[in-house]
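The values are calculated or read from the model by the stated rules, or taken from the named source; none is laboratory data. For clarity, every value in this text was computed on a predicted model and none was experimentally measured. So basically every Cβ, Gly included, is an ideal-geometry build from the backbone, and we count neighbours across all protein chains shown. Only protein heavy atoms, including side chains, enter the accessible area calculation; ligands, DNA and RNA are left aside. Shrake-Rupley method; radii C 1.70, N 1.55, O 1.52, S 1.80 Å.
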Amino acid sequence: QVQLVESGGGLVQPGGSLRLSCTVSGFTFSSSAMSWYRQAPGRERESVARISSFGTTNYADAVQGRFTITRDNAKNTVLLQMNSLKLEDTAVYYCSVIWGSRRYWGQGTQVTVSS
């Protein structure tokens, strides 16, 4: 079955960096677009970044220029490098894929930006 497992979250000071990782199984990773979403307390889940199977990337305006999404097809892994973190980046971050007309989610990893 489809599985997505995120890791790499934690507590970081404003201006710091974190790298999130999502390792997947149960579907053809190399031919699938992958996305990162986040959900802050009291807010709806929002798209952060997306990478196509060809490596084309898209970012939310709020993270453009600070976050970078990449993929390693040999390791079935998608990464999110987050730099210049801000207080408002605090959220649970989820990786996601659409496979067989259904969207799948990982369990999420908490990112807290605080001084």
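Some observations on this one:
- The trypsin sites (Lys or Arg not before Pro) of the stretch 24-115 that meet both conditions, a loop assignment by DSSP and at most 11 other Cβ atoms within 10 Å of the site Cβ, are ARG43.
- Solvent-accessible ranking of ASP89, ASP72, largest area first, probe 1.4 Å: ASP72, ASP89
- Evaluating 6.51 cos²θ - 1.76 cosθ + 1.60 at θ = phi - 60° for every residue in the stretch 8-24, the Karplus couplings come out as x, x, x, 9, 9, 7, x, x, x, 10, 9, 10, 8, 10, 9, 9, 10 Hz, glycine and proline recorded as x.
- The chain - percent of accessible surface contributed by carbon and sulfur, probe 1.4 Å: 46 percent
- The mean sequence distance of close C-alpha pairs (under 8 Å, at least 6 residues apart), as a share of the length of the chain, puts its relative contact order at 36 percent.
- GluC sites (Glu not before Pro) lying in DSSP loop within the stretch 19-90, provided at most 14 other Cβ fall within 10 Å: GLU44
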